[in-house]
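Notes follow once the structure below has been shown.
The values are calculated or read from the model by the stated rules, or taken from the named source; none is laboratory data. These numbers were taken from a predicted model, which means no experiment stands behind them. Here the Cβ positions follow ideal geometry from the backbone for every residue, glycine too, while neighbour counts run over all protein chains shown.
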Amino acid sequence: MGKTLTRKILEKHLKSGEIRLGTDIGLKIDQTLTQDATGTMAYLEFEAMGVPRVKTERSVAYIDHNTLQTGFENADDHRYIQSVAKKHGIWFSRPGNGICHQVHLERFGIPGKTLIGSDSHTPTGGGLGMLAFGAGGLDVAVAMGGGEYHITVSKVLKVELTGALSPWVSAKDAILELLRRLSVKGGVGRILEYTGPGVATLTVPERATITNMGTELGATTSVFPSDEVTRAFLAAQGREADWTPLGADPDAVYDEEMTVDLSAIEPLAACPHSPDNVRPIAELAGNKIDQVCIGSCTNSSYLDLMRVASILKGKTVHPSVSLVIAPGSKQVYTMLAQNGALADLIASGARILECACGPCIGMGQSPNSAGISLRTFNRNFEGRSGTADGQVYLVSPETAAASALTGVFTDPRTLGAFEKIEIPASFTVNDNMIVAPASKEEADSVEVLRGPNIKPFPVSGPLPESITAKAILKVGDNITTDHIMPAGAKILPYRSNIPYLSNFCFGVCDKEFPARCKQEGGGIVIGGANYGQGSSREHAALVPLYLGVKAVLAKSYARIHCANLANAGILALQFKNESDYDRIDQMDVLSLPDIRRAIKEKLPILLRDETKGFEIEVIPVMTDRERAMVAAGGLLNYTKSLS
């Protein structure tokens with residue numbers, strides 16, 4: 001029986017466990033990445049482990065999220081990250097060098113390697129043939145220290161691509177088509193492995209767009225084979241030596257299969273407020289728009305922006321539209337400047353932003369009240385743009401540029417002749433914004449610089465024998481980490497200050513939640529299906545931990561957030577019968593008697609609603625290892641107990 005590409009990479013990196021569906025395995029991690037919204041906490045956790053130097057092949061710290069400096073907080077965090085990176089053997093990508101996933105694809109990603117990053121869109125690396133996972137900062141810290149990264153073995157879904165994209169249809173439309181078919185829950189418990197003759201028609205940046213937004217499907221990760229297209233991309237980056245041919249065996253057996261005919265896809269848009277609320281652009285055509293934002297880790301490559309420049313060249317942005325463009329990396333920005341495309345963008349009326357995440361993470365460029373904003377980004381969750389009633393649509397760069405010119409939703413196929421943009425034979429390579437770490441001999445003399453905004457992270461105590469607490473909050477389905485711990489320019493500067501962040505926890509759902517937690521001494525959160533989807537930010541677990549949340553009881557969970565709850569020492573419980581969700585009201589008194597013994601000995605768990613006088617069975621959503629972690633009070637306590 002042949003092997004899938006996923007299986008081959010897993011086998012090569014297996015450190016513990018057995019590769020069998022549904023089992024927990026520990027993997028050797030070759031590379032890690034962090035970004036500054038999650039990195040400060042990850043490096044505080046790494047320091048707490050007491051490991052003098054990272055043990056990975058390559059670890060990189062990127063500054064790309066918190067680049068809007070309206071006070072000292074972001075600048076202090078950047079200084080801290082740079083100093084701790086220098087001391088502990090981590091490469092440092094300076095502000096302005098670009099978005100972590102774009103730069104890592106260009107300069108560091110290697111086919112067949114494993115990568116985890118404290119950012120949920122780390123699976124972008126799958127476009128190069130890496131097995132790349134988004135993870136919480138504590139998982140990244142453990143991997144940097146030489147520890148295993150644990151995942152539950154997922155189903156492998158074969159996505160066979162046939163045909164080729166039509167003119168004016170892009171890879172963004174392809175992944176939106178998958179979201180239309182599968183939904184934001186369709187990838188949960190699955191790794192998407194792309195195969196078929198259509199693969200060869202896609203460039204590496206196009207593949208990376210698809211693997212990037214596999215995160216929005218809830219997938220564990222997504223991966224393409226490493227082929228001649230991959231080799232050409234790496235050669236153009238001056239890294240052909242990093243290339244290895246990789247792919248599934250011809251007779252590989254998959255858990256599930258589906259086929260996508262690329263030639264049948266049309267321009268699409270994800271409508272407010274979910275990436276799977278997908279409609280054809282043709283159905284939206286003619287509706288007025290207010291703003292267009294082009295960039296993000298999904299669509300800010302050289303290829304993307306050259307297509308935008310070719311559409312805008314010699315034309316002017318519609319007077320009712322604000323157009324902003326953020327190149328994904330210094331390399332992209334430089335090459336646009338060198339070949340004149342940047343001048344075409346500027347002449348059209350586009351506003352050029354720095355090479356960073358910017359509006360995608362809510363760092364500026366919020367739309368007007370109830371404004372219609374077309375964005376080439378990966379998420380359109382309610383309020384994420386910074387405007388509470390903003391109406392955000394996710395589209396391709398081609399659709400975005402065409403619509404910016406007309407002031408209405410515009411199908412790019414109406415633009416006429418299609419100019420094909422090719423990957424250059426050679427990219428401009430200048431790594432002067434990447435700082436190498438100090439040598440082992442010099443490391444002791446490096447001082448780690450901490451600003452006053454950096455506060456200790458909360459650490460949970462051991463799981464008590466029993467828990468009695470109120471249902472402190474009840475929320476519905478598809479609660480995102482943006483709901484739990486919002487981002488944006490006003491809040492992100494305090495990512496290293498958990499006490500301050502706690503004032504905003506669940507603010508999108510219930511502004512009284514933080515005060516109620518403090519008054520009641522915490523409690524239990526009741527959630528619906530797909531609880532915790534979205535970002536990998538561990539703050540969505542650490543802040544509730546700080547506020548005294550002892551457990552979450554939901555219909556189902558998103559993978560990374562569920563792992564982050566266990567890392568923090570918070571119980572992740574699931575309704576055995578989903579109908580029981582309706583029986584519990586906010587502020588009911590709930591009890592979990594003898595919960596510690598039940599977790600450790602795998603006994604049935606009964607939750608009693610003391611207010612209404614009924615009992616229901618609930619199921620812990622955790623592996624054996626996570627049971628031990630939660631009993632110990634989280635991953636840090638568990639790791640220390642093993643030493």
Please work out if residue 246 is crowded, with 19+ Cβ neighbours inside 10 Å, closer than 20 Å to residue 196 by Cβ and touching a residue at least 24 places away in the same chain (Cβ under 8 Å).
yes
Name the residue, out of 615, 626, 578, that is over 18 Å from residue 522 (Cβ atoms) and crowded, with 23+ Cβ neighbours inside 10 Å.
626
Confirm whether residue 416 is surrounded by fewer than 17 Cβ atoms within 10 Å (Cβ to Cβ) and over 30 Å from residue 627 (Cβ atoms).
yes
Which is within 25 Å of residue 516 (Cβ to Cβ), buried (at least 16 other Cβ atoms within 10 Å of the Cβ) and within 32 Å of the chain's Cα centre (by Cα), of 571, 636?
571
Consider residue 337 carefully, then state whether it is of a type in the set (A, V, I, L, M) and buried (at least 20 other Cβ atoms within 10 Å of the Cβ).
no
Which one of these does residue 627 not meet: (1) closer than 24 Å to residue 220 by Cα; (2) of a type in the set (D, E, K, R); (3) in contact (Cβ under 8 Å) with a residue 40 or more places away in the chain?
(3)
Tell me which residues, restricted to segment 569-608, are of a type outside the set (Lys, Arg), within 15 Å of residue 622 (Cα to Cα) and not in a loop (DSSP other than H, G, I, E, B).
571, 572, 573, 574, 575, 595, 598, 599, 601, 605
If residue 548 satisfies all but one of (1) closer than 27 Å to residue 45 by Cβ; (2) surrounded by 22 or more Cβ atoms within 10 Å (Cβ to Cβ); (3) over 22 Å from the mean Cα position of the chain (by Cα), what's the number of the condition it fails?
(2)
Does segment 520-531 hold any residues that are in a helix (DSSP H, G or I) and touching a Leu at 6+ places or on another chain (Cβ under 6 Å), and which are they?
none
Sole miss for residue 299 among (1) under 28 Å from the mean Cα position of the chain (by Cα); (2) touching a residue at least 24 places away in the same chain (Cβ under 8 Å); (3) not in a loop (DSSP other than H, G, I, E, B) is condition (3)
Tell me whether segment 481-502 contains one or more residues that are without any contact (Cβ under 8 Å) to a residue 40 or more places away in the chain and assigned to a strand (DSSP E or B).
no
Is it the case that residue 601 is of a type in the set (D, E, K, R), in the same structural domain as residue 522 (by TED's automatic domain parsing) and in contact with a strand residue (DSSP E or B) (Cβ under 7 Å, 6 or more places away or on another chain)?
no
Condition check for residue 553: at pLDDT 95 or above and surrounded by 21 or more Cβ atoms within 10 Å (Cβ to Cβ):
yes
Given the structure, is residue 496 buried (at least 24 other Cβ atoms within 10 Å of the Cβ) and under 21 Å from residue 387 (Cβ atoms)?
no
Is segment 266-273 home to any residue that is assigned to a loop (DSSP other than H, G, I, E, B) and in contact with a Pro (Cβ under 7 Å, 6 or more places away or on another chain)?
yes
What about residue 443, is it out of contact with any helix residue (DSSP H, G or I) (no Cβ under 8 Å at 6 or more places or on another chain), touching a residue at least 60 places away in the same chain (Cβ under 8 Å) and not assigned by TED's automatic domain parsing to the domain that holds residue 47?
no
Starting from residues that are in a strand (DSSP E or B) and not β-branched (Val, Ile, Thr), keep the ones in segment 365-385 and report whichever is nearest to the chain's Cα centre (by Cα).
375
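Residue by residue, here is whether (1) part of a loop (DSSP other than H, G, I, E, B); (2) touching a helix residue (DSSP H, G or I) at 6+ places or on another chain (Cβ under 9 Å) holds:
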| position | (1), (2) |
| --- | --- |
| 459 | yes, yes |
| 477 | yes, no |
| 518 | no, yes |
| 535 | yes, yes |
For segment 386-412, what are the residues that are polar (S, T, N, Q), in contact with a Pro (Cβ under 6 Å, 6 or more places away or on another chain) and either assigned to a loop (DSSP other than H, G, I, E, B) or farther than 21 Å from residue 345 by Cβ (or both)?
387, 391
Checked against (1) in contact with an Asp or Glu (Cβ under 8 Å, 6 or more places away or on another chain); (2) among the aromatic types (Phe, Trp, Tyr); (3) within 24 Å of residue 305 (Cα to Cα), residue 233 satisfies every condition except (1)
Hits in segment 462-495 (condition: at pLDDT below 90 and either among the small types (Gly, Ala, Ser) or at positive phi (or both))
487, 488, 489
Is at least one residue of segment 303-325 touching a Phe, Trp or Tyr at 6+ places or on another chain (Cβ under 7 Å) and crowded, with 24+ Cβ neighbours inside 10 Å?
no
Of the residues in segment 307-329 that are more than 28 Å from residue 124 (Cβ to Cβ) and not hydroxyl-bearing (Ser, Thr, Tyr), the one that is nearest to the chain's Cα centre (by Cα) is 321
